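Novice: This structure is in structure tokens; I'll ask about it shortly.
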Amino acid sequence: MADQYDVIVLGSGPGGYVAAIRCAQLGLKTAIVERELLGGICLNWGCIPTKALLRSAEVFNHMKHAKNYGLAADNIRADLDAIVTRSRGVAKQLNQGVTHLMKKNKITVHMGTGVLKSPTSIEVSGDKGKETISAKHVIVATGARARDLPFAKADGDRVWTYRHAMTPKVMPSKLLVIGSGAIGIEFASFYNDMGVDVTVVEMMDRVVPVEDADVSAFLEKSLTKQGIKIMTGAGVEALAVSGNGVKAKIKAKDGKVAESDFSHVIVAVGIVPNTENIGLEAQGVKMDRGFIQIDDYGRTGTKGLWAIGDVTPGPWLAHKASHEGVIAAEAIAAELGNKDVHPHPMDRSNIPGCTYCHPQIASVGLTEAKAKEAGYTVKAGTFPFIGNGKAIALGEAEGFVKTVFDAKTGELLGAHMIGAEVTEMIQGFVVGKTLETTEAELMHTIFPHPTVSESMHESVLAAYGRALHI
């Protein structure tokens with residue numbers, strides 16, 4: 001069969017649809033295959049609608065504390081159906097936006113389930129039957145799904161994944177969250193703000209274990225103060241589901257096992273890549289625990305076949321997937337003879353992470369502990385929001401910024417934040433790391449006043465014993 005396209009992208013999440021757009025921008029005839037909704041999990045069931053829920057919780061929380069701002073708000077209540085409806089509306093708007101972008105960039109959309117018949121051809125099964133399409137290159141961007149526990153299969157009634165937690169039929173009365181990664185902590189924060197009795201069980205010795213230890217400790221203290229019960233070094237050993245709720249056997253840090261009753265359970269213990277049943281096995285693709293192994297440009301090692309996003313090794317983040325999509329598109333264009341593109345390899349050390357709980361968390365680069373493990377002699381500085389005028393004026397003085405530098409060269413190794421809107425500030429340090437900045441450039445940078453971002457500057461100064469406001 002003659003090549004129908006230059007590139008076919010299998011999956012339309014934030015990796016897939018961005019890859020398709022970049023391919024089209026580079027003059028490549030491009031198609032995308034999607035089995036459910038354009039925009040994938042992120043736009044429809046993940047990043048975006050979750051943030052809409054969390055925004056409702058944030059506003060509700062502010063309303064409950066209106067008197068702290070000299071305001072009065074009486075008899076306030078949360079309307080769960082309205083909150084969910086708003087969240088779904090936001091997701092629908094963005095789904096329509098991706099549909100528009102496909103048309104604008106003249107990308108052909110094939111709705112249906114795609115299976116690789118060769119490294120460069122896909123059989124699509126949709127409402128109109130089956131068709132086989134082919135291209136010079138194929139990008140696999142099929143994403144991932146929530147991981148089940150063997151004894152805690154999600155039923156959508158009492159045991160939930162993030163998708164069920166996003167569109168609850170009823171508000172839980174007592175909620176167990178298994179796992180304290182970004183997804184688990186975000187839903188714990190949301191439901192706690194909604195007035196639900198929340199317990200979080202984490203098998204590691206601290207919550208959000210991928211973050212800097214100081215951030216983990218601060219978050220646990222903050223969530224506990226908010227009323228969330230945190231159990232670290234603990235594990236759920238069994239769940240017994242009934243029509244009235246869920247009985248959980250939880251093994252605590254001290255080894256003792258106790259039973260507790262909950263109305264609902266959210267399982268947030270990681271993801272499973274969507275790599276089975278799409279024809280990868282016959283294409284000679286290297287896999288590790290289900291994840292496709294790639295080089296820094298997205299090549300799988302099988303000629304013409306590429307992979308990006310959550311089907312590849314982590315971190316499993318939407319913005320990482322999008323960036324991989326751009327890299328793969330440009331690398332393909334270069335292979336097809338475009339001399340005006342200069343693809344760059346993925347640098348995983350510059351991928352930021354954000355968790356939208358209350359308070360928010362944001363980070364990039366090495367934690368202090370990881371930097372020391374890597375052999376660096378470090379200088380670390382921390383500046384608390386209580387020393388920042390804008391944070392105090394906002395009534396959001398809870399949090400801090402921490403920076404980690406190589407003591408020998410002054411290279412910025414990592415930055416870690418917790419507090420209000422830190423997810424909007426972390427990009428300053430991401431740009432700094434990408435430009436391979438040192439403490440000198442950051443110290444000489446003028447930060448506007450009054451802003452919470454001044455805490456970034458002060459944390460750099462603190463690392464070198466020069467903090468001004470503490």
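Novice: About its Cα centre, how strong a charge dipole does the chain have in debye, to the nearest 20, once Lys and Arg get +1 and Asp and Glu get -1 at the Cβ? Don't skip to the answer; put the middle values down first.
Specialist: Values: 49 positive and 51 negative charges, 168 e Å.
The dipole of the chain has a size of about 800 debye.
Novice: Ranked highest first by average number of other Cβ atoms within 10 Å, how do 228-239, 197-208, 61-72 line up?
Specialist: Working: 228-239: 18.1, 197-208: 20.6, 61-72: 11.1.
Those peptides, ordered most packed to least, come out 197-208, 228-239, 61-72.
Novice: What accessible area per residue, rounded to a whole number of Å², is obtained for the chain using a probe radius of 1.4 Å?
Specialist: 46
Novice: Is it possible to state the helix-based mean residue ellipticity at 222 nm for the chain, with each DSSP H run of 4+ residues giving -39500 (n - 2.57), the sum divided by total residues, to the nearest 500 deg cm²/dmol? What is it?
Specialist: Counting only the DSSP helices, I get -9500 deg cm²/dmol.
Novice: Oh, and also: What part of the accessible area of the chain, given as a whole %, is carbon or sulfur when the probe is 1.4 angstrom?
Specialist: 53
Novice: Can you tell me which aspartates and glutamates have their Cα less than 16 Å from the Cα of Lys251? Leave out same-chain residues fewer than eight positions away.
Specialist: Within the straight-line limit of under 16 Å, Lys251 reaches these aspartates and glutamates: Glu202, Asp205, Glu237, Glu259, Asp261.
Novice: Over the Cα atoms of segment 100-258, compute the convex hull volume and normalise it per residue, giving Å³.
Specialist: 209
Novice: Which lysines have a Cα less than 24 Å from the Cα of Lys370, not counting those fewer than 8 places away in the same chain?
Specialist: Reachable lysines: Lys221, Lys320, Lys379, Lys402, Lys408, Lys433.
Novice: Something else about it: Rounded to whole Hz and in sequence order, give me ³J(HN,Hα) for segment 85-92 from the Karplus expression 6.51 cos²θ - 1.76 cosθ + 1.60, θ = phi - 60°, writing x for Gly and Pro.
Specialist: Result, ordered by residue: 4, 4, 4, 5, x, 4, 4, 5 Hz.
Novice: Note down the relative contact order for segment 43-91 as a percent, whole number, built from C-alpha pairs under 8 angstrom at least six residues apart.
Specialist: It comes to 59 percent, rounded to a whole number.
Novice: Specify whether the C-alpha gyration tensor of segment 284-423 places it in the rounded, prolate or oblate class, a ≥ b ≥ c being the square roots of the eigenvalues: rounded for a/c under 1.5, otherwise prolate if a/b is larger than b/c and oblate if not.
Specialist: Verdict is prolate for segment 284-423.
Novice: Then there's this: Which residues' amide hydrogens lie under 5 Å from the amide hydrogen of Gly399, considering only partners 5 or more residues apart or on another chain, with H built in the peptide plane?
Specialist: Answer set, sorted by chain and number: Phe385, Ile386.
Novice: Another question, then. Going highest first, how would you order 396-408, 136-148 by mean Cβ packing within 10 Å?
Specialist: Order by mean packing, descending: 136-148, 396-408.
Novice: Is the shape of segment 206-362 rounded, prolate or oblate, going by the alpha carbon gyration tensor and its root eigenvalues a ≥ b ≥ c, with a/c under 1.5 for rounded and a/b larger than b/c for prolate?
Specialist: Since a/c reaches 1.5 and a/b is larger than b/c, the shape of segment 206-362 is classed as prolate.
Novice: Sticking with this structure for a sec: Counting only C-alpha contacts under 8 Å and six or more residues apart, can you give the relative contact order of segment 98-203 as a whole percent?
Specialist: Taking the mean separation of contacting Cα pairs over the length of segment 98-203, I get 14 percent.
Novice: For segment 197-214, just list the computed ³J(HN,Hα) in residue order, Karplus coefficients 6.51, -1.76 and 1.60, θ = phi - 60°, integers in Hz, with x standing in for Gly and Pro.
Specialist: 6, 10, 10, 10, 10, 10, 6, 6, 7, 7, 6, 5, x, 7, 7, 4, 4, 5
Novice: Would you give the gap between the C-alpha center of segment 144-161 and the C-alpha center of segment 292-331, rounded to a whole Å?
Specialist: Between the Cα centre of segment 144-161 and that of segment 292-331, the gap is 28 Å.
Novice: Can you compute 3J(HN,Hα) from phi for each residue in segment 423-435, using the Karplus curve 6.51 cos²θ - 1.76 cosθ + 1.60 with θ = phi - 60°, rounded to whole Hz and x for Gly and Pro?
Specialist: 5, 8, 9, 4, 4, x, 6, 5, 4, x, 5, 4, 7
Novice: Using the alpha carbon gyration tensor of segment 381-470, what are the three equivalent-ellipsoid semi-axes (square root of 5 times each eigenvalue), largest first, in whole Å?
Specialist: 21, 13, 11
Novice: At 1.4 Å probe size, what's the solvent-accessible area of Cys23? Round to the nearest 10 Å².
Specialist: Per-residue accessible area (Cys23): approximately 0 Å².
Novice: Further question on the same structure: In segment 176-256, if the dipole is taken from +1 on Lys/Arg beta carbons and -1 on Asp/Glu beta carbons about the Cα centre, which of Ala234, Gly184, Ile250 is farthest to the positive end?
Specialist: Ile250
Novice: Moving on to the next point. Starting from the eigenvalues of the Cα gyration tensor, five times each then square-rooted, give me the equivalent ellipsoid semi-axes of segment 1-91, largest first, whole Å.
Specialist: Values for segment 1-91, descending: 44, 13, 7 Å.
Novice: In addition: Calculate, for Glu36 and Met287, the FRET efficiency according to 1/(1 + (r/R0)^6) with r their C-beta to C-beta distance and R0 22 Å; round to the nearest 0.05.
Specialist: On the way: r = 23 Å, r/R0 = 1.07.
Approximately 0.40, to the nearest 0.05.
Novice: What spacing in nm lies between the two simple spin-label points modelled at Phe151 and Glu424, each 7 Å away from Cα in the Cβ direction?
Specialist: Simple spin-label model gives 4.5 nm for this pair.
Novice: For the chain, treating each Cα as an identical point scatterer without solvent, what Debye log10 I(q)/I(0) comes out at q = 0.13 1/Å?
Specialist: -1.30
Novice: On to the next question. In the P(r) worked out for segment 166-219, what percent of Cα pairs fall beyond 19 Å?
Specialist: For segment 166-219, the share of Cα pairs beyond 19 Å comes to 28 percent.
Novice: Give me the Å³ per residue figure for the convex hull around the C-alpha atoms of segment 38-144.
Specialist: 144
The values are calculated or read from the model by the stated rules, or taken from the named source; none is laboratory data. These numbers come from a predicted model, not from an experiment. Quick reminder, even Gly has a Cβ in these numbers, built from the backbone with ideal geometry, and neighbours come from all protein chains shown. SASA here: full protein model, heavy atoms, side chains in, ligands and nucleic acids out. Shrake-Rupley method; radii C 1.70, N 1.55, O 1.52, S 1.80 Å.
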